[in-house]
Amino acid sequence: MAVAAGLLVGWPLSELTNRRLDRQLAEMRAAKNCSSTAGVVEAVSKMQSGGLTYTEANTSIPVTAEEIEDAARLDYTDEESIMLMKLAQAEAGNQGVVGKALVMNVVHNRVLSEDFPNTIEEVIFEEGQFTPIQDGHYDSAVPDEECLQALEMVLNYWDGSNGALFFEVTSEEQTWHSANLTFLFEYKDTTFYK
């Protein structure tokens, strides 16, 4: 297994997982009248060939042995993978691959935290936690190629979240998050907290 720019490579998604994700994403696109080839097939074939490039690699954080142990629990079902990609698209549609991966990292961090539910589904659908769940944008979200790349990064133990459990759109005004949580970092127009 090789390490490149903080990302462990050599652990691709299984062929079965790729086919299922491709099929499910194609079904979502068809339901939304989107092109069935809107990046999904290309992204999956790039994953299979190991040819993915992460244009935002300069934001990668090296993976430590401790993070690998924590991330060893990254064994998502196909349904959980779809949920993560839909949430990432709804929350960080304009934040690029890294922004979408950070959303997935936050969900994973919550699953590991004693303060939140212990499954991907329960974390995502916990009442009052994610705006796209409340306003319906999650239901209409169609994951794009960046979501697939972000999922691949997360499944390969990339974690740039610094343990973040919360995020919000960056604001000049004081918010509940900024007043009550520990600021960690900003990425594009999103601020992350613990």
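The values are calculated or read from the model by the stated rules, or taken from the named source; none is laboratory data. Quantities reported herein were computed from a predicted structural model and do not represent experimental measurements. Keep in mind that these areas ignore ligands, DNA and RNA; they rest on the heavy atoms of the full protein, side chains included. Shrake-Rupley method; radii C 1.70, N 1.55, O 1.52, S 1.80 Å.
So what is the diffusion coefficient of segment 74-194 in µm² per second by Stokes-Einstein at 4 °C and 1.567 mPa s, using a Kirkwood Rh over Cα pairs?
91
With a bin width of 5 angstrom, please list the P(r) values of segment 92-159 as percents of all Cα-Cα pairs, from the 0 bin to the one holding the largest distance.
4, 17, 24, 26, 21, 8, 0
Counting only Cα, what are the radius of gyration and maximum Cα-Cα distance Dmax of segment 130-194, in Å?
13.8, 36
In whole Hz, with x marking every Gly and Pro, tabulate ³J(HN,Hα) for segment 147-162 from phi via Karplus 6.51 cos²θ - 1.76 cosθ + 1.60, θ = phi - 60°.
These are the phi-based 3J(HN,Hα) values: 5, 5, 5, 5, 4, 4, 4, 5, 5, 9, 6, 6, 8, x, 7, 6 Hz.
With all protein chains present and a 1.4 Å probe, how do F167, F125, F192 order by accessible area, largest first?
Output order, biggest surface exposure first: F125, F167, F192.
Tell me, what ³J(HN,Hα) does each residue in segment 96-104 have, in order and in whole Hz, if you take phi through Karplus 6.51 cos²θ - 1.76 cosθ + 1.60 with θ = phi - 60° and put x for Gly and Pro?
Values, residue by residue: x, 4, 5, x, 5, 5, 5, 4, 4 Hz.
Full-extension gain between S140 and V169, please, as 0.36 nm times their residue separation minus the C-alpha to C-alpha distance. Each step should come with its number before you reach the end.
On the way: separation 29, 0.36 × 29 = 10.44 nm, distance 2.05 nm.
8.4 nm is the gain from fully extending S140 to V169.
Amide H to amide H under 5 Å from L184: which residues, 5+ apart in sequence or cross-chain, H placed 1.01 Å off N in plane?
Answer set, sorted by chain and number: F192, Y193, K194.
Can you list the HN-Hα couplings for segment 76-91, worked out from phi with the Karplus curve (6.51, -1.76, 1.60; θ = phi - 60°), rounded to whole Hz and with x for Gly and Pro?
7, 6, 4, 5, 5, 4, 4, 4, 4, 5, 5, 5, 4, 5, 5, 8
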